[in-house]
1. In nm, what is the difference between 0.36 nm times the number of residues separating E28 and A80 and their Cα-Cα distance?
2. Taking a ≥ b ≥ c as the square roots of the Cα gyration tensor eigenvalues, with a/c under 1.5 meaning rounded and otherwise prolate when a/b beats b/c, else oblate, which class fits segment 44-105?
3. About its Cα centre, how strong a charge dipole does segment 44-105 have in debye, to the nearest 20, once Lys and Arg get +1 and Asp and Glu get -1 at the Cβ?
4. Sort I75, I100 so that the residue with the fewest other Cβ atoms within 10 Å of its own Cβ comes first and the one with the most comes last.
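Laboratory data are not the source of any read-out in this text; all were calculated from the coordinates shown. What you see is a predicted model; the values in this text were computed from it and never measured. Using ideal geometry, Cβ is built from the backbone for each residue, glycine included, and neighbour counts are taken over all protein chains shown.
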Amino acid sequence: MTFKLLPTVVAGLLLAGCAGLTPTPSREPAPPPPMVETRGECGAAQVQDRVGREYSPALGEAIRAESGAAAMRVIRPGEAVTLDYRPDRLNVRLDEGDVITEIGCG
């Protein structure tokens, strides 16, 4: 009977011995993220009057140009989008009828 417990005891001792071998975390602060050259916010405040209008490619280009955003994406219901935040990107959200429901940065 004692021989059957021996592997369990040995394994427990080995694991206990390894517990103290974890490296000490560094006390140095993490380096700052790299600076990305942006033009600041995406300019969504300048184009809020377009909310409620039906979206078209021509209107989209006018919104992007007037906002001064470096990039723009149109988001339709159910469409998958990345969750990365870019302050220079304009997000134009549409409803099922292609009516603009929200314009914001991100």
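1. My answer for the length gained is 14.9 nm.
2. Cα axes put segment 44-105 in the oblate bin.
3. So the magnitude is around 160 debye.
4. I75, I100
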